[in-house]
Amino acid sequence: MSALRKWFAGGVCTSTARLDGKVAVVTGANTGIGKETAKDLARRGGRVILACRDIAKAEAAAREIIAETGNQQVIVKKLDLSDSKSIRAFAEDFLKEEKKLHILINNAGVMMVPYSKTADGFEMHIGVNHLGHFLLTFLLLDRLKESAPARIVNVSSILHAFWRINFKNLQGEKYYNEFLAYCQSKLANVLFTRELARKLQGTGVTVNALHPGVVDSELARYSYSLGIFKALFRFTIKTPKEGAQTSIYCAVAKELESVSGQYFSDCRPAWVAPQACNKETAKKLWQVSCELMGIQWE
């Protein structure tokens, strides 16, 4: 069983790259794969900002990371991706405090939650998983460009393949299914990655997306069916540390220095659904996202 368990654990990031003098932001770093990703970056000597909604949990995570890595440069900052005011306040504070940004990991997310809306009136999945990170990336992009070479890492999911971008029901206006809403938001992550990569050519900033695997984390706490799956097939489920490996790989691996617009799983290039490669859909999603967030981003 150990060999089978190892197979399900998936790829491991073997890079020995150091991050001394580098600054990284990890959203949703107070738990799960976000915390494990932040811990690894801290172990490599990076200055790591835990951008989290729950400050108490984030501070507990920061204490744990500092104790385990000996790196004192682990900082907690408030970020609620369901509220554009919070996103803008985070960015303003970050840009005032930090003169560099080398790694942005858009990791936070919600999964299969009952229908609800963000502070800005967006359906929660598309609002947090896509639009929140879209705005955050926009606000931090100049700092990333100034710090180049720099990397953006978007945590998506293989479930991006299970649905499409339904512009006529983007916010669940006509009907709502939490599974399809989650799939749509993860597809949006891949489309955003590909369109952003196209726009960032020649800037020294790369962006890639990834599937972390099926991970035992708090993300699935609202899904009854996933709970049953986890109970029946526990040996197939990745630990948060195993699930963080591809995020870490995309953030630090030297062989990815000039790779952009790609999709990874288990620390290697992975299959992408046809609807995630549609350039027209990517451009339309970009335009709609800019309109919804009230920004101009050419």
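For (1) touching a Leu at 6+ places or on another chain (Cβ under 8 Å); (2) open to solvent by 20 Å² or more (accessible area, probe 1.4 Å), each residue gets a yes or a no:
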| site | (1), (2) |
| --- | --- |
| Lys100 | no, yes |
| Asn106 | yes, no |
| Leu131 | yes, no |
| Leu135 | no, no |
| Ile158 | no, yes |
| Lys168 | no, yes |
| Glu178 | no, yes |
Among the residues that make up region 188-201, is at least one of them part of a helix (DSSP H, G or I), over 18 Å from Ile152 (Cα atoms), modelled with pLDDT of 95 or more and charged (D, E, K, R)? no
Checking the structure you have, find out if any residue of region 267-281 is modelled with pLDDT of 95 or more and under 23 Å from Leu19 (Cα atoms). yes
Considering residues that are farther than 20 Å from Ser260 by Cβ and either more than 21 Å from the chain's Cα centre (by Cα) or outside any helix (DSSP H, G or I) (or both), the number found within region 288-298 is 4
Just give me the residues in region 115-129 being surrounded by fewer than 17 Cβ atoms within 10 Å (Cβ to Cβ) and either modelled with pLDDT under 95 or in contact with a Leu (Cβ under 9 Å, 6 or more places away or on another chain) (or both), in sequence order. none
With the requirement that a residue be charged (D, E, K, R) and either in contact with a Phe, Trp or Tyr (Cβ under 9 Å, 6 or more places away or on another chain) or without any contact (Cβ under 8 Å) to a residue 12 or more places away in the chain (or both), what does region 135-161 give you? Asp142, Arg143
Quick one: what pairs do we get from region 171-183, first residue assigned to a loop (DSSP other than H, G, I, E, B), second among the aromatic types (Phe, Trp, Tyr) and surrounded by fewer than 15 Cβ atoms within 10 Å (Cβ to Cβ), C-beta under 8 Å, 6+ apart or different chains? Gly172/Tyr115; Tyr176/Tyr115
Any residue at all in region 234-243 that is at pLDDT 95 or above, open to solvent by 60 Å² or more (accessible area, probe 1.4 Å) and outside any loop (DSSP other than H, G, I, E, B)? yes
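For every residue, the table says whether it meets (1) farther than 30 Å from Glu255 by Cβ; (2) of a type outside the set (Gly, Ala, Ser).
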| site | (1), (2) |
| --- | --- |
| Ile87 | yes, yes |
| Lys100 | no, yes |
| Ile103 | no, yes |
| Pro114 | yes, yes |
| Ala119 | yes, no |
| Glu123 | yes, yes |
| Leu131 | yes, yes |
| Leu141 | no, yes |
| Trp163 | yes, yes |
From the list Gly28, Gly45, exactly one residue is surrounded by fewer than 19 Cβ atoms within 10 Å (Cβ to Cβ), under 26 Å from Val205 (Cβ atoms) and either out of contact with any Leu (no Cβ under 6 Å at 6 or more places or on another chain) or touching a residue at least 12 places away in the same chain (Cβ under 8 Å) (or both). Which is it? Gly45
Among (1) touching a residue at least 12 places away in the same chain (Cβ under 8 Å); (2) closer than 15 Å to Thr31 by Cβ; (3) surrounded by fewer than 17 Cβ atoms within 10 Å (Cβ to Cβ), which single condition is Ala56 missing? (1)
Complete set of residues in region 243-266 that are of a type in the set (Lys, Arg) and under 17 Å from the mean Cα position of the chain (by Cα): none
Considering region 74-98 alone, what residues qualify as being open to solvent by less than 40 Å² (accessible area, probe 1.4 Å), among the acidic types (Asp, Glu) and more than 18 Å from the chain's Cα centre (by Cα)? Glu98
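The values are calculated or read from the model by the stated rules, or taken from the named source; none is laboratory data. Since this is a predicted model, take the numbers as computed values, not measurements. Don't worry about glycine lacking a Cβ; one is built from the backbone with ideal geometry, like all the others, and counts go over all protein chains shown. Just the protein is used for accessible areas: all its heavy atoms, side chains included, with ligands, DNA and RNA removed. Shrake-Rupley method; radii C 1.70, N 1.55, O 1.52, S 1.80 Å.
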